[in-house]
1. Just one of the numbered conditions (1) in a loop (DSSP other than H, G, I, E, B); (2) touching a helix residue (DSSP H, G or I) at 6+ places or on another chain (Cβ under 9 Å); (3) more than 20 Å from residue 166 (Cα to Cα) is not true of residue 13; which one?
2. Going through segment 178-218 one residue at a time, which ones are surrounded by fewer than 19 Cβ atoms within 10 Å (Cβ to Cβ), within 16 Å of residue 30 (Cβ to Cβ) and either touching a residue at least 60 places away in the same chain (Cβ under 8 Å) or within 16 Å of ligand 1 (Cβ to nearest atom) (or both)?
3. If residue 222 meets every condition in (1) within 16 Å of ligand 2 (Cβ to nearest atom); (2) touching a residue at least 60 places away in the same chain (Cβ under 8 Å); (3) within 18 Å of residue 87 (Cα to Cα) apart from one, which number is that one?
4. If residue 4 satisfies all but one of (1) within 11 Å of ligand 1 (Cβ to nearest atom); (2) buried (at least 19 other Cβ atoms within 10 Å of the Cβ); (3) modelled with pLDDT under 95; (4) over 13 Å from residue 225 (Cβ atoms), what's the number of the condition it fails?
5. Check whether at least one residue in segment 19-32 is modelled with pLDDT under 95, more than 28 Å from residue 210 (Cα to Cα) and away from ligand 2 (no atom under 16 Å from the Cβ), and report yes or no.
6. With the requirement that a residue be touching a helix residue (DSSP H, G or I) at 6+ places or on another chain (Cβ under 7 Å), closer than 19 Å to residue 105 by Cβ and assigned to a helix (DSSP H, G or I), what does segment 160-188 give you?
7. Considering only segment 60-78, I want to know if a residue exists there that is in contact (Cβ under 8 Å) with a residue 40 or more places away in the chain, more than 26 Å from residue 188 (Cβ to Cβ) and within 16 Å of ligand 2 (Cβ to nearest atom).
8. I'd like to check something: does segment 226-238 contain any residue that is modelled with pLDDT of 90 or more, surrounded by fewer than 17 Cβ atoms within 10 Å (Cβ to Cβ) and closer than 30 Å to residue 65 by Cβ?
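The values are calculated or read from the model by the stated rules, or taken from the named source; none is laboratory data. Predicted model only: the values in this text are computed from it and were never measured. Because the Cβ atoms are built from the backbone with ideal geometry, glycine has one as well, and the counts that use them run over all protein chains shown.
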Ligand SMILES: Nc1ncnc2c1ncn2[C@@H]1O[C@H](COP(=O)(O)OP(=O)(O)O)[C@@H](O)[C@H]1O
Ligand SMILES: [Mg+2]
């Protein structure tokens, strides 16, 4: 089994009767970047929570590299290759960029919270944190308090926290949320850089970004996958982008979008 394969079989997550994820079955192939799109409330974040272990399933299975991880905690899933970043940044504002990474690296490498210990005293922690710092392009900001970073750089740091465990599968929930227009380009470059050799699920509302970085699309509506398909180069046309953009918040129109895109305009 190639590292980085993630599957779910008929997974369900309910909140007081509301079926936020309602029977999703899908095989995410190693090395692909899946743009997960769909209207607000479609269940995209809950699907990610179900895959990462943050949401309790009311049915179904999650498999990572052929292993049933349904009953495993978030931490165990992280250790065997699943990384996750959140829609709301979870960084420590008062700590420096490097300290944030060192703290998370310590927790990952030693399975402990460092409490009062300076995590950076451990060579393995330093090495891992510095490697990720470089990967996310924030080396020059290593000693800046995280709270003084631009919003875009804070989002990059949040992605960096997910990279510390060197995951083969990376789940990114709106990594560009709130990023200013002038920082979209660098943020997109970061995503392109970190996806190499990984399977990535990317929830993103900016369709320009989705179309540029994804190799496949998954459309979710009302807790289900309505359509999916790999993106051909020809799909990256203004017409397709405009169509998706226009239809993205209209659940009823996603079916039409499926017809337009999947049959005629570049999605196989
Ligand atoms: N913790 C929760 N408690 C109750 N309802 C929730 C919770 N999380 C999500 N929901 C509901 O589940 C549905 C799917 O939400 P979500 O997965 O956040 O959608 P999306 O990420 O596609 O916008 C929505 O109706 C939302 O209100
Ligand atoms: Mg969401």
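1. Against the list (1) in a loop (DSSP other than H, G, I, E, B); (2) touching a helix residue (DSSP H, G or I) at 6+ places or on another chain (Cβ under 9 Å); (3) more than 20 Å from residue 166 (Cα to Cα), residue 13 comes up short only on (1).
2. The answer is 197, 215, 216.
3. Of everything listed in (1) within 16 Å of ligand 2 (Cβ to nearest atom); (2) touching a residue at least 60 places away in the same chain (Cβ under 8 Å); (3) within 18 Å of residue 87 (Cα to Cα), residue 222 misses just condition (3).
4. (1)
5. No: segment 19-32 contains no residue that is modelled with pLDDT under 95, more than 28 Å from residue 210 (Cα to Cα) and away from ligand 2 (no atom under 16 Å from the Cβ).
6. Listed by number, the residues that qualify are 160, 161, 163.
7. To start, the set of residues in segment 60-78 that are in contact (Cβ under 8 Å) with a residue 40 or more places away in the chain comprises 60-66, 78.
Narrowing the set further to residues that are more than 26 Å from residue 188 (Cβ to Cβ) leaves 60-66.
Going one step further and asking which of them are within 16 Å of ligand 2 (Cβ to nearest atom), we end up with none.
Taking every residue of segment 60-78 in turn, none turns out to be in contact (Cβ under 8 Å) with a residue 40 or more places away in the chain, more than 26 Å from residue 188 (Cβ to Cβ) and within 16 Å of ligand 2 (Cβ to nearest atom).
8. Keep residues of segment 226-238 that are modelled with pLDDT of 90 or more, which gives none.
No, that holds for no residue.
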